[in-house]
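Worksheet: one structure, shown below.
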Amino acid sequence: MTELISSSSNPLVKQIRALRQRKGRDESGLFLVEGIHHVGEAIEAGWAIEALVYAPDQLTSDFARRVLEEQSQRGIRCAALSASLFSGIAEKDNPQGILAILRQRHLNLEDVTKVDMKIGVALVSPQDPGNVGTILRTLDAVGGGGLFLLDGGVDPYHPSSIRASMGTIFWKPFVQSSFEVFNDWRGKNGYSLIGSSAHAKEDFRAFRRGSQPTILLLGSEQKGLSQDQMMACDVNLSMPMKGRVSSLNLAVAAGILLYTIIG
């Protein structure tokens with residue numbers, strides 16, 4: 001761990017800045033993870049590390065120092081930056097002095113078939129990366145399985161998604177697919193599909209799930225589910241709105257419905 005970088009024009013620093021943008025992540029297949037907890041979770045989960053970057057003056061955690069030493073011994077590049085340079089590339093207001101460049105994983109639906117998943121969540125064109133990360137965190141809390149990101153939407157490797165997941169993104173499988181291909185897969189593999197819509201007739205509080213494995217389907221923050229997507233569901237649930245608002249935050253709705261479905 002002897003490499004010291006002091007110039008903002010260093011190629012590694014430029015790479016980190018590029019990975020803040022989706023274009024840089026898509027073109028390279030890499031993404032950033034910042035903070036001691038998240039870096040530790042990624043390593044424990046066995047994700048491929050391209051490089052670890054740290055600021056010696058900011059890094060006070062003995063655990064983080066051990067991580068750097070262990071990864072350096074394994075041949076992982078560990079580069080030191082000055083505190084000012086690190087703060088300039090960090091997104092946190094109070095950076096913990098460590099970030100990692102990791103390689104993305106791209107699973108397909110057949111990878112999920114091999115997992116014993118009783119409960120999952122599918123999101124149609126989600127727009128807020130924080131919602132994606134929060135739903136992964138909630139899935140972990142309820143003992144759920146995978147997350148399906150359908151018909152595009154936000155990049156799951158966005159820094160806000162990583163932070164909001166609290167490290168669960170490294171443990172829960174997530175798959176990007178079209179709705180049509182996903183719906184065909186879930187039918188062939190015996191998954192019940194539960195939709196949520198303000199236009200549904202069944203109150204979520206009256207719903208009782210059977211023993212069949214289940215996937216909760218939620219529409220985008222702006223548009224919700226289309227009529228065709230609702231028709232593809234085995235049941236659609238409504239969440240009554242008694243105040244002035246007409247809908248809940250996507251991640252909040254997912255949390256309430258997941259705990260209801262789990263029963």
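The values are calculated or read from the model by the stated rules, or taken from the named source; none is laboratory data. Being a predicted model, the structure only gives us computed values, none of them experimental. Methodologically, a virtual Cβ is constructed for each residue, glycine included, from the backbone with ideal geometry; neighbour enumeration extends over all protein chains shown. Areas reflect the complete protein model, heavy atoms only, side chains present, ligands, DNA and RNA absent. Shrake-Rupley method; radii C 1.70, N 1.55, O 1.52, S 1.80 Å.
When residues in the range 3-20 are screened for being open to solvent by 20 Å² or more (accessible area, probe 1.4 Å) and either closer than 24 Å to residue 69 by Cα or hydrophobic (A, V, I, L, M, F, W, C) (or both), 8 of them pass. With respect to the conditions (1) out of contact with any Phe, Trp or Tyr (no Cβ under 6 Å at 6 or more places or on another chain); (2) open to solvent by 20 Å² or more (accessible area, probe 1.4 Å); (3) at pLDDT below 95, residue 213 falls short on a single one, namely (1). Residue pairs whose Cβ atoms lie under 7 Å apart, sitting 6 or more positions apart in sequence or on different chains, and linking a residue in the range 68-84 that is under 18 Å from residue 102 (Cα atoms) to a partner that is part of a helix (DSSP H, G or I), are 78/68; 78/71; 78/72; 79/12. Within the range 91-127, being closer than 14 Å to residue 156 by Cα and surrounded by fewer than 21 Cβ atoms within 10 Å (Cβ to Cβ) holds for 103, 104, 105, 106, 107, 125, 127.
Number of residues in the range 21-35 that are open to solvent by 40 Å² or more (accessible area, probe 1.4 Å) and either among the aliphatic types (A, V, I, L, M) or in contact (Cβ under 8 Å) with a residue 24 or more places away in the chain (or both): the value is 2. Is there a residue in the range 61-74 that is small (Gly, Ala, Ser) and under 20 Å from the mean Cα position of the chain (by Cα)? No: zero hits. Selection of first residues in the range 138-155 that are under 13 Å from residue 120 (Cα atoms) and of second residues that are open to solvent by less than 10 Å² (accessible area, probe 1.4 Å) and part of a loop (DSSP other than H, G, I, E, B), restricted to Cβ pairs under 6 Å at least 6 apart or on distinct chains, gives the following pairs, ordered by first then second residue: 145/117; 146/117.
Filtering the range 231-262 to residues that are open to solvent by 20 Å² or more (accessible area, probe 1.4 Å), assigned to a loop (DSSP other than H, G, I, E, B) and of a type outside the set (Asp, Glu) leaves 239, 240, 241, 242, 243, 244, 245, 246, 247, 248, 249. Considering the range 183-197, the residues that are surrounded by 12 or more Cβ atoms within 10 Å (Cβ to Cβ), small (Gly, Ala, Ser) and out of contact with any Cys (no Cβ under 7 Å at 6 or more places or on another chain) include one that is nearest to residue 222 (Cα to Cα), namely 197. All conditions but one from (1) open to solvent by less than 40 Å² (accessible area, probe 1.4 Å); (2) not in a strand (DSSP E or B) apply to residue 78; the one that does not is (2). Just name the residue that is nearest to the chain's Cα centre (by Cα) out of those in the range 202-230 that are among the charged types (D, E, K, R), in a loop (DSSP other than H, G, I, E, B) and more than 21 Å from residue 243 (Cβ to Cβ). Among residues in the range 202-230 that are among the charged types (D, E, K, R), in a loop (DSSP other than H, G, I, E, B) and more than 21 Å from residue 243 (Cβ to Cβ), the one nearest to the chain's Cα centre (by Cα) is 223.
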